[in-house]
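The next block holds one structure in the form of structure tokens; read it before the comments.
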Amino acid sequence: MNNTWVRTPLVRVAAAAVSWFGFALAFGLLYQVALAVIALGGYCASGGPYEIAVECPENVVAFAPLSIFGGLIAVGIGVFFSNGFGAQLTAWAWAILFIGLAVPFAIGGGISNWFVCVLFVLMGAVPLVLELRANAARAFIGSRTARGDAFAFANGERRSLMSMGAPVEGTVTPNAGHALAGFLVPAVSAALGVLLALSWFSAS
């Protein structure tokens, strides 16, 4: 079976856009779910044969599982179809998830919530620092052009925590156009995903 279409520029760019849009949408929904649960005292439940002290709102019940599985699918699309084009979702997803979810706990206040907040910040920040130390440029603009040519980074590359293999030695020196495309496609897509999450959650 011929899978050369997977390696085309259109697929790389579209996959980067879809993966970042999908992840931002999923995280935006999960963030609002966390805020809603914290506002209810940190716990709610739905369904089951027993009497429920705090009933979960319908949007929390609907969006909690959707956001989790949607985020995982979005990361998978980025890994298997963007093929290194654009800011690497694998480098940012973990940090965005934990550092972002630390905010609702900080808003909730109290010793237990603040403890979870600090723990989440550390869980997100430490892997991100390691990713950026391996190669910050790769995290922000990707490791390949839209055509699939591997970048040659001036300071070399090191394998990061989320790398599936050793870095590919490239010959293309990243220029302003590469940096702009590699950063803007994910950034704009993520912004649209967050906006949709905000409106979708509030409208439900």
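The table for this structure:
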quantity: Subset of the range 125-140 [closer than 19 Å to residue 171 by Cα and more than 15 Å from the chain's Cα centre (by Cα)]; calculated: 134, 135, 136, 137, 138
quantity: Any hit, the range 101-116, residues being within 28 Å of residue 135 (Cα to Cα), in contact (Cβ under 8 Å) with a residue 40 or more places away in the chain and open to solvent by 20 Å² or more (accessible area, probe 1.4 Å); calculated: yes
quantity: Residue within the range 130-152 that is under 30 Å from residue 39 (Cα atoms), part of a loop (DSSP other than H, G, I, E, B) and either open to solvent by less than 80 Å² (accessible area, probe 1.4 Å) or at pLDDT below 85 (or both) present; calculated: no
quantity: Matching residues in the range 21-48 - criterion: being modelled with pLDDT of 85 or more and open to solvent by 40 Å² or more (accessible area, probe 1.4 Å); calculated: 21, 31, 35, 39
quantity: Pairs where the first residue, in the range 118-137, is in contact (Cβ under 8 Å) with a residue 24 or more places away in the chain and within 29 Å of residue 108 (Cα to Cα) and the second is open to solvent by less than 40 Å² (accessible area, probe 1.4 Å) and not in a helix (DSSP H, G or I), C-beta under 9 Å, 6+ apart; calculated: 127/160
quantity: Qualifying residue in the range 49-71 (condition: at pLDDT below 90, within 17 Å of residue 104 (Cβ to Cβ) and open to solvent by 50 Å² or more (accessible area, probe 1.4 Å)); calculated: no
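Let's see how each residue does on (1) at pLDDT 85 or above; (2) open to solvent by less than 40 Å² (accessible area, probe 1.4 Å):
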{"residue": "170", "(1), (2)": "no, yes"}
{"residue": "179", "(1), (2)": "yes, yes"}
{"residue": "186", "(1), (2)": "yes, yes"}
{"residue": "192", "(1), (2)": "yes, no"}
{"residue": "204", "(1), (2)": "no, no"}
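The values are calculated or read from the model by the stated rules, or taken from the named source; none is laboratory data. Because the structure is a prediction, the values reported are computed rather than measured. As a convention, Cβ positions derive from the backbone with ideal geometry for all residues, glycine included, and neighbour counts pool all protein chains shown. Just the protein is used for accessible areas: all its heavy atoms, side chains included, with ligands, DNA and RNA removed. Shrake-Rupley method; radii C 1.70, N 1.55, O 1.52, S 1.80 Å.
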